[in-house]
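Undergrad: Pasting a structure below so you can have a look.
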Amino acid sequence: MSEYTHAPVLLEECLQGLAIRPEGIYLDGTLGRAGHSLEIARRLTTGRLICVDRDQAALDAAEDKLSPVRDRVTLVHRNFDQLEEILNAAGVDGVDGMLFDLGVSSPQLDDPERGFSYQADAPLDMRMDRREPLTAQTVVNTWPQEELKRILYQYGEERYAPAIAGAILRAREKGPIETTGALVEVIRSAMPPQALREKQHPAKRSFQAIRIAVNDELGAVERMLQAAVPRLKPGGRLCVISFHSLEDRIVKTALAEFARGCTCPPDFPVCVCGKTPLVRLVNRKPITAGAGELERNPRARSAKLRVAEKR
């Protein structure tokens, strides 16, 4: 769930992983800057690409970028965890391939008023979908100290989570924390001098954690995976790019479970569960960026692509 740059990450690997057929139906569940979508749509003739994003700004920007292939593209303003509703509304029973790039779109991060950045002072917001009611300001000013500590530690892997959660509680007792700049100062005040001298911005991990909580990002990934596999056609491919160990663990675990066959105890003489694998793991280990891509786009270093094929 790291920042998303203009260059689509692992583009060739995704196109290969999807095994695109010109007449097929495909879904890009994380449209972002439409880099992956454009290349998928270019490979379609009579096929169709459904592009999904929870951020209306991404959909608006995609209109221009996807104009050469617009006749093959359907734009949908929803969260990808609503996959059932998206496909039902599109009149699609089965899909030949789905792609989910879990990186956060850089236009969101770069727009100060969205409240994602710890480098610009703005109202605490952090909503990817501005129709949603929960904001970062609500999380910071109303959630209990133990819950703040949990998300900072679990989602941000912030080792100073207890101290930061305590500082937030003390600060908000004096008045609400309303801006990103005010939150950065509270975080700084809770960290020891050696932490403030580190190369990484002291608020980076905390802002990541709060953003994940506001947007329920990990829960959305779990729901998406459970909905995606059943809607793939036989031979259809599911490609998921993750940037964070928490996301990758969710993807790896879910796909491994879908790929499992019989779950009966080893000493059972015959299978009684009747469970058969739903997918084949195309690659046992995640696909990562090669040297050439890393030179062009260092951010790709943390990207991991997992591909599964529907049986």
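Undergrad: Any idea what the dipole of the chain comes to, in debye rounded to 20, about its Cα centre with Lys/Arg Cβ at +1 and Asp/Glu Cβ at -1?
TA: Details: 44 positive and 43 negative charges, 178 e Å.
The dipole of the chain has a size of about 860 debye.
Undergrad: Obtain the nm distance between the two label points defined at Glu146 and Gln194 by a simple spin-label model: each point lies 7 Å from its Cα along the Cα-to-C-beta direction.
TA: 3.1 nm
Undergrad: Å³ per residue of the Cα convex hull, for segment 32-187?
TA: Working: hull volume 20.6 nm³, N = 156.
Per-residue hull volume (Cα only) is 132 Å³.
Undergrad: Still on this structure: In whole percent, how big is the carbon plus sulfur part of the accessible area of the chain, probe 1.4 Å, protein atoms only? Could you put the intermediate results ahead of the total?
TA: Working: 7310 of 14340 Å².
Reported share for carbon and sulfur atoms: 51 percent.
Undergrad: What length, rounded to one decimal in nm, is gained on full extension from Asp110 through to Ala89, with 0.36 nm per residue of separation minus their alpha-carbon distance? Kindly include the intermediate steps, with their values, before the conclusion.
TA: Values: separation 21, 0.36 × 21 = 7.56 nm, distance 3.23 nm.
Roughly 4.3 nm would be gained on extension.
Undergrad: Let me ask something additional. Could you compute how much accessible surface Asp64 exposes when probed at 1.4 Å, giving the result in Å² to the nearest 10?
TA: Spelled out: Asp64, probe radius 1.4 Å, area about 120 Å².
Undergrad: While we're on this one: What shape does the chain take by its C-alpha gyration tensor, where a ≥ b ≥ c are the square roots of the eigenvalues and a/c under 1.5 counts as rounded, a/b above b/c as prolate, and the rest as oblate?
TA: Details: a/c = 1.98, a/b = 1.47, b/c = 1.35.
It comes out prolate by the Cα gyration axes.
Undergrad: Find the percent of Cα-Cα distances in segment 123-189 that exceed 21 Å, and round it to a whole number.
TA: Values: 396 of 2211 pairs.
So the portion of pairs separated by more than 21 Å is 18 percent.
Undergrad: Need one number: % antiparallel among DSSP beta bridges in the chain, to the nearest 5. Walk me through the intermediate numbers first.
TA: On the way: 11 of 31 bridges.
Roughly 35 percent of the beta bridges in the chain run antiparallel, per DSSP.
Undergrad: Over the chain, with the other protein chains present, what is the accessible area per residue in square angstrom, probe 1.4 angstrom? If you can, show how the numbers build up before the last one.
TA: Numbers: 14340 Å² over 311 residues.
For the chain, the per-residue accessible area is 46 Å².
Undergrad: Just by accessible area at a 1.4 angstrom probe, what is the order of Cys264, Cys51 from largest to smallest? Please list the in-between numbers first.
TA: Details: Cys264 25, Cys51 0 Å².
Final ranking, largest accessible area leading: Cys264, Cys51.
Undergrad: Here's another thing I want to ask about it. Using the Karplus equation 6.51 cos²θ - 1.76 cosθ + 1.60 (θ = phi - 60°), what ³J(HN,Hα) coupling, rounded to whole Hz, does each residue of segment 261-268 give in order, writing x for Gly and Pro?
TA: With coefficients 6.51, -1.76 and 1.60, one gets x, 4, 10, 5, x, x, 8, 6 Hz.
Undergrad: What value, in deg cm²/dmol to 500, does the helix sum -39500 (n - 2.57) over DSSP H runs of n ≥ 4 give at 222 nm once divided by the residues of the chain?
TA: Values: 14 runs with 131 residues, N = 311.
The helix-only estimate for the chain comes to -12000 deg cm²/dmol at 222 nm.
Undergrad: So, one more: Leaving ligands, DNA and RNA out of it, work out the accessible area of Ser67 with a 1.4 Å probe and give it in Å² to the nearest 10.
TA: Ser67 exposes around 70 Å² with every protein chain in place.
Undergrad: Heavy atoms only, probe 1.4 angstrom, no DNA, RNA or ligands counted: give me Ser117, Ser189 ranked by accessible area, highest first. Let's see the in-between values first.
TA: Numbers: Ser117 30, Ser189 90 Å².
Reading off the accessible areas and sorting them downward yields Ser189, Ser117.
Undergrad: Take segment 14-77, compute every pairwise Cα distance, and split them into 5 Å bins from 0; I just need the percent in each bin.
TA: 4, 20, 35, 23, 13, 4
Undergrad: Now, a different point. Assign one of three labels to segment 177-275, namely rounded, prolate or oblate, based on the Cα gyration tensor with a ≥ b ≥ c the square roots of its eigenvalues; rounded applies when a/c is under 1.5, prolate when it is not and a/b is larger than b/c, and oblate otherwise. Don't skip to the end; give the middle numbers.
TA: Values: a/c = 3.67, a/b = 2.58, b/c = 1.42.
It comes out prolate by the Cα gyration axes.
Undergrad: I need the P(r) histogram for segment 90-140: all alpha carbon pairs, bin width 10 Å from 0 out to the longest distance, whole percents.
TA: Values per bin, smallest distances first: 21, 39, 21, 16, 4.
Undergrad: Rounded to the nearest 10 Å², what accessible area does Tyr155 show when all protein chains are kept and the probe is 1.4 Å?
TA: My reading of the accessible area for Tyr155 is about 40 Å².
Undergrad: Find how many whole Å separate the alpha carbon centroid of segment 44-120 from the alpha carbon centroid of segment 201-240.
TA: Segment 201-240 and segment 44-120 have Cα centres separated by 14 Å.
The values are calculated or read from the model by the stated rules, or taken from the named source; none is laboratory data. This is a predicted model, so every value here is computed, not measured. So basically every Cβ, Gly included, is an ideal-geometry build from the backbone, and we count neighbours across all protein chains shown. For accessibility, only protein heavy atoms count, side chains too; no ligands or nucleic acids. Shrake-Rupley method; radii C 1.70, N 1.55, O 1.52, S 1.80 Å.
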